[in-house]
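Structure, as structure tokens:
The values are calculated or read from the model by the stated rules, or taken from the named source; none is laboratory data. The structure presented is a predicted model; accordingly, all values stated were derived computationally and were not measured. Here the Cβ is made from the backbone with ideal geometry for all residues, glycine too, and neighbour counts use every protein chain on show.
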Amino acid sequence: MEYTVVVEPAGDNYSAYVPDLPGCVATGASVEDVRREIAAAMSFHIEGLQEAGLPVPPPRTVAVAVLVGA
């Protein structure tokens, strides 16, 4: 499954979250670091849901880039 991940600067590092997986977050020193960390967090999160017998939310969120004032 492919989920939308939001990556934001957070002081001296970066943070990431997955809108369709509430509570699934990660941080990293760089965008590449946070990408690896959120991938691991997503796997862990989904495995936890499955082990608990809970439904895994489907990916639904879409991110788009919008050019303003060109």
Subject >> Hey, residue 34 out of contact with any Cys (no Cβ under 6 Å at 6 or more places or on another chain) and under 14 Å from residue 5 (Cβ atoms) or not >> reply: yes
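Yes/no per residue for (1) surrounded by 14 or more Cβ atoms within 10 Å (Cβ to Cβ); (2) in a helix (DSSP H, G or I); (3) at pLDDT 95 or above; (4) among the acidic types (Asp, Glu):
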| site | (1), (2), (3), (4) |
| --- | --- |
| 15 | yes, no, yes, no |
| 22 | no, no, yes, no |
| 26 | yes, no, yes, no |
| 32 | no, yes, yes, yes |
| 35 | yes, yes, yes, no |
| 40 | no, yes, yes, no |
| 48 | no, yes, yes, no |
| 55 | no, no, yes, no |
| 69 | no, no, no, no |
